[in-house]
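Report on the following structure.
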Amino acid sequence: MSAISPQLTNAPIVEAIVDIECDMPPKFDLVALEGAARDAYGDKYPVVQTQFVEQHQIEQRPDGAATHTLKRGIQALQFRQDDSKQLIQVRSQGYSFNRLAPYSTLDDYLGEIERTWRLFVGLAAPVQVRAVRLRYINRLALPLKEGKLETADYLKVSPQLPDESNLTFVGFLNQHSAVETGTGNQANIVLAAQPPENEMLPVIFDIGVNHLENGEVENWPWILENILSLRSLKNRIFENTLTKPCLNLFRQ
C-alpha cells in the first residue's frame with residue numbers, strides 16, 4: 001500500500017517519529033558524547049538542546065521519618081534544524097528522528113534517517129537494536145453540525161453516546177492496542193477530542209506501531225524492512241479508521 005501523505009493534499013500529520021531503541025554499552029555517557037555529537041550533526045542541525053529526566057524516591061523509615069532523594073540526568077541530546085521542523089535525538093536508549101508539519105512522505109526522509117542513524121552508530125556504539133518504532137500524531141479538524149459531532153460520519157471506529165438525543169460530546173478518549181497476526185507488529189491507537197474551535201472539533205489521532213526484535217546495528221536493510229512494514233500497518237490503521245468523507249477533508 002502506498003504512503004498516506006502523497007494521497008492527501010493537506011495531510012493532518014502534526015509529527016512523525018522514527019525510534020530505534022538499542023542496548024547501549026555499559027559505560028555509555030551522554031554527557032561525554034555531546035562534543036562529538038555536535039561535530040557530527042551540527043552542519044544540518046545547528047540548534048542543540050538537552051533533555052533532562054528526574055527521578056524522585058521517597059523512603060519511609062521505621063521511626064516514621066521520610067527521606068526524599070532526587071536524581072537528575074540527561075535523557076537525550078536534541079539536534080534541530082534552524083526552523084525546528086526536523087530533529088535528531090541521541091537518547092540514553094537509542095536514536096530518534098522527528099519530523100514536524102509540514103510532512104510530505106516517509107520516502108523523502110529515509111535517506112536522512114539512514115545517514116543520521118549511521119552517524120549515531122559511529123558515535124554511540126550501540127550493542128544491538130531492541131525495537132523499531134514509528135509514531136504518527138495526526139490532528140483531525142472535524143466539522144460540527146449545530147454544535148454536535150456525528151462521529152459515524154467521520155470515524156469508523158469511534159465512541160458512541162448512550163443517549164444521543166440528550167447528550168452531546170464535549171470530549172472523548174478512545175484507546176486500544178492490537179497485534180498484527182502475520183508480523184507480530186504491535187499497534188497502540190488513540191483517538192482523543194480537544195475543545196471545539198470555530199465549529200470544528202479537533203481530534204488527535206495518535207498511531208504508534210512497534211516491532212520488538214533484536215537486530216544488528218549495522219544491518220540497515222533489516223531496519224529499513226521493519227520501518228516499511230510498520231508504515232504499511234500504520235497506513236492501514238489510518239485508512240480503516242477514517243471514513244471516505246473524512247479522508248476527503250484532507251484532499252481539499
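Of the conditions (1) modelled with pLDDT of 95 or more; (2) crowded, with 20+ Cβ neighbours inside 10 Å, residue 100 clears all except one; give me its number. For residue 100, the exception is condition (2). Of the residues that sit in the range 10-29 and are within 19 Å of the chain's Cα centre (by Cα) and within 16 Å of residue 219 (Cα to Cα), which one is surrounded by the fewest Cβ atoms within 10 Å (Cβ to Cβ)? Checking each candidate, the answer is 21. Taken together, the residues in the range 203-246 that are surrounded by fewer than 21 Cβ atoms within 10 Å (Cβ to Cβ), assigned to a loop (DSSP other than H, G, I, E, B) and not charged (D, E, K, R) amount to 2. Residues in the range 157-175 that are under 18 Å from residue 243 (Cβ atoms) and either within 22 Å of the chain's Cα centre (by Cα) or touching a residue at least 60 places away in the same chain (Cβ under 8 Å) (or both): 157, 158, 172, 174. Look at the range 9-35: where a residue is without any contact (Cβ under 8 Å) to a residue 24 or more places away in the chain, no partner that is not β-branched (Val, Ile, Thr) sits 6+ places away or on another chain with Cβ atoms under 7 Å. Being part of a loop (DSSP other than H, G, I, E, B), farther than 20 Å from residue 16 by Cα and aliphatic (A, V, I, L, M) is a property that residue 167 has. Listed here are the strands (runs of 3 or more DSSP E) enclosed by the range 28-91 that have at least 1 residues being farther than 23 Å from residue 18 by Cβ and modelled with pLDDT under 95: 47-60, 66-80. For the range 127-156, a residue qualifies if it is surrounded by 21 or more Cβ atoms within 10 Å (Cβ to Cβ) and modelled with pLDDT under 90, and the qualifying residues are 149, 151. Just to verify a result, which residue in the range 209-223, among those that are among the aliphatic types (A, V, I, L, M) and out of contact with any helix residue (DSSP H, G or I) (no Cβ under 7 Å at 6 or more places or on another chain), is nearest to residue 112 (Cα to Cα)? Selected residue: 223.
The values are calculated or read from the model by the stated rules, or taken from the named source; none is laboratory data. Keep in mind that what you see is a predicted model, and the values were worked out from it rather than measured. Virtual Cβ from ideal backbone geometry, glycine too; neighbours counted across all protein chains shown.
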